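Everything on this sheet refers to the single structure shown next.
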Amino acid sequence: MQDCILHNPRCSKSRQTLQLLREHGVTLPVIEYLQQPLSKAQLRELCTLLGLKPLDLIRSKEDLFGELGLSRDNGYSDAQWLDVLASHPKLMERPVVVYRGKAALGRPPENVLKLL
């Protein structure tokens with residue numbers, strides 16, 4: 001996956017992470033993942049870089065999660081959770097920074113500093 005920040009401009013943590021990167025002299029391509037959703041293959045690669053299972057990348061407290069009738073313990077496979085993320089990018093934890101072959105979730109924003 002190319003270096004980037006997967007960004008939601010409406011998310012305060014995402015804006016803070018972007019600002020933190022800029023303060024450290026790092027300018028990355030900004031991908032507004034709600035406008036340009038990731039493919040299932042990209043999501044799989046992202047999970048690998050983060051060292052997370054797809055379920056760990058899902059915002060289960062998001063209203064949409066419940067509206068879709070989803071549950072963290074419904075027995076879905078990783079592939080099924082990737083399908084959920086690909087179909088509903090709003091459920092993805094954000095922001096995510098990919099930098100030099102590694103990735104970090106910007107929660108809190110300072111988490112991404114380990115990539116620099």
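The values are calculated or read from the model by the stated rules, or taken from the named source; none is laboratory data. Computed from a prediction, not measured in an experiment: that's the story for all the values here. So basically every Cβ, Gly included, is an ideal-geometry build from the backbone, and we count neighbours across all protein chains shown.
What single numbered condition from (1) part of a helix (DSSP H, G or I); (2) touching a helix residue (DSSP H, G or I) at 6+ places or on another chain (Cβ under 8 Å) fails to hold for residue 111? Among (1) part of a helix (DSSP H, G or I); (2) touching a helix residue (DSSP H, G or I) at 6+ places or on another chain (Cβ under 8 Å), residue 111 violates only (2). For residue 113, the test of being surrounded by fewer than 22 Cβ atoms within 10 Å (Cβ to Cβ), in contact (Cβ under 8 Å) with a residue 60 or more places away in the chain, at negative phi and of a type in the set (A, V, I, L, M) is passed.
Within the stretch 65-74, does at least one residue satisfy the condition of being under 16 Å from residue 44 (Cβ atoms) and at pLDDT 95 or above? The answer is no; no qualifying residue exists.
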